[in-house]
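Enquirer: Right, I'll just put the structure down here and ask away after.
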Amino acid sequence: MTAAARFPSRRTPAPAERSGGPRPRPDLDALTGLRTGKPSFYSEYRVNAERLRRVIGSLDRISAALVRTLEGSEALVRAVADAAADHLSADWVVLALVDGELTDAQPRHVVIGPDGVEWSDLQLVPDRVRRHIVLLQGALGVGCDDSDRRHLHVPIRLNGRTVGGFVAWTPADREIDDTDHSVLRILAGQTASALQNCALLDRAERLHARTAAQAEDLRTRNDELMRTQQALGAARQREVLDNERHRIARELHDSVTQYALSAGMHIELCRSEIDDPRLLEHLDTAKDLTRRAVEQLRSAIYALNDDDHADKDLPSMLRQLSTVHMPDELRVEVTIGGTPIPLPHEHEQSLFRIAGEALFNTAMHASASRAVVRLAYQPDRVRLSISDDGGAAPDQIRRTLRAASVRGPSGEHRGLVNMDARAREMGGTLRFRRSRIGGLQVQVDVPSGTARRENP
């Protein structure tokens, strides 16, 4: 043996290796460290070397086939059948699974014919091949004559039971030896484990998908439960507010209104006993003020007891407010501009209360004969304005509101403070300015639903 055989030189990588092309055949010489310039004297060595080279190549292809577990059972079954056909250089190779075993694996059989072509129509394959498929799938014993060196059958076993098998027929110039049996047995054992892993992986993915769907369903149900809980809380809050409003209405009717009526009766009794014109004039003024107080009390009692507006929209509530709750000498007009859009229930209630408070102030303090309520729906906001022809001055109203806000909840000018607080709670603004009809204009701007979503 030469020095070159004892110390093999480094092999320059082939172009295909450098470029990532097809993998080269295993270099047996490099693995064994043997080189010879006289291969004709080592015929047995050459036969064994070629067999070993073929086995290593087959095991390499088998490994590449078995790692396709993540691609699913279909890709795995076809890759294993191709690896077996390639190793045996077979004319026909059949891989079939027993009915009822590895039920998640698909396809149930693969037939590789000459030139590595897959045959899907069993009616076109030779009778001997079709008969073996039927026997394999029925878990019937399939054997081959040991003297037939071109026919091979290897069962696929898992946990002591047969789950399928390989059957192969090689051409006349390719005999099957013990090495081929060993390679196919290794392939059969690894195929069973790989198919089981495929089934477990597929089952795990389905369970994960089902768990994700159930989690999404639980999230949806939880959101619905939260919305229902909020609706119940709002309903409970409205019930408490309604009960309180009815209680206040009862107290006003049973006490304050009766006192005001009694005061009016006493004033009328005094008028019948007095002849002094100056005193009579004062009594007439007191009687008129008492009548106005009774009217306002009745309007307030009606508003507190009125539950019908809870199911109405804001324009309808404003029209009802202008016709029912105002004194006869005040003429109220309501106009609606733009396309009405739904607002949150609490916002509509707040705007309704602001309009009611503004009209009450107009009737009681402004000495006005006309009021105009305008509700304008604009792209980014809703504007409510209450204008009158009375004598109130915007600057004086602003100073009064600032002073009342500084003094705190003393009860004086609480109407103005409540109007401002309601506007702020809605994210809006409250302004006072001179109206076009000569008096005061109360203006409230509230962002619409679209504006709130775009600019929270």
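Read-outs: derived from the displayed coordinates by stated rules, not from any lab. These numbers come from a predicted model, not from an experiment. Backbone-built Cβ (ideal geometry, glycine too); neighbour counts: all protein chains shown.
Enquirer: Given labels modelled 7 Å from the Cα in the Cβ direction, how far is it in nm from His282 to Gln396?
Expert: 2.4 nm
Enquirer: Report the label-to-label distance for Arg157 and Glu346 in nanometres (one decimal), using points 7 Å from each Cα along the Cα→Cβ vector.
Expert: It works out to 7.5 nm between the two label points.
Enquirer: Could I ask something else about it? What list of ³J(HN,Hα) couplings, whole Hz, do you get for segment 116-124 from phi and the Karplus terms 6.51, -1.76, 1.60, once you set θ to phi - 60° and write x for glycine and proline?
Expert: Residue by residue, segment 116-124 yields x, 8, 7, 10, 8, 8, 5, 6, 9 Hz.
Enquirer: Once fully extended, how much extra length lies between Ala209 and Asp380, figured as 0.36 nm per residue of separation less the alpha-carbon to alpha-carbon distance?
Expert: On the way: separation 171, 0.36 × 171 = 61.56 nm, distance 4.29 nm.
Gain on extension, Ala209 to Asp380, equals 57.3 nm.
Enquirer: Right, here's the next one. Please give the FRET efficiency for Gln237 paired with Arg298, using the beta carbon to beta carbon distance and R0 = 22 Å, rounded to the nearest 0.05.
Expert: Values: r = 27 Å, r/R0 = 1.25.
Calculated value: 0.20.
Enquirer: Tally the DSSP beta bridges in segment 326-419 and give the antiparallel ones as a percent, rounded to 5.
Expert: Details: 7 of 14 bridges.
Percentage antiparallel, nearest 5: 50.
Enquirer: Counting each pair of different Cα atoms once, what's the Kirkwood radius of segment 198-295 in Å, rounded to one decimal?
Expert: Values: mean 1/r = 0.0502 Å⁻¹.
Here the Kirkwood hydrodynamic radius works out to 19.9 Å.
Enquirer: Right, something else. Suppose R0 equals 60 Å. What FRET efficiency, 1/(1 + (r/R0)^6) with r the Cβ-Cβ distance, do Asn197 and Arg319 give to the nearest 0.05?
Expert: Details: r = 74 Å, r/R0 = 1.24.
So, using R0 = 60 Å, E works out to roughly 0.20.
Enquirer: Return the sequence-ordered ³J(HN,Hα) values of segment 416-421 in whole Hz as given by the Karplus equation 6.51 cos²θ - 1.76 cosθ + 1.60 applied to θ = phi - 60°, using x for Gly and Pro.
Expert: Rounded to whole hertz, the list is 5, 5, 5, 4, 5, 5.
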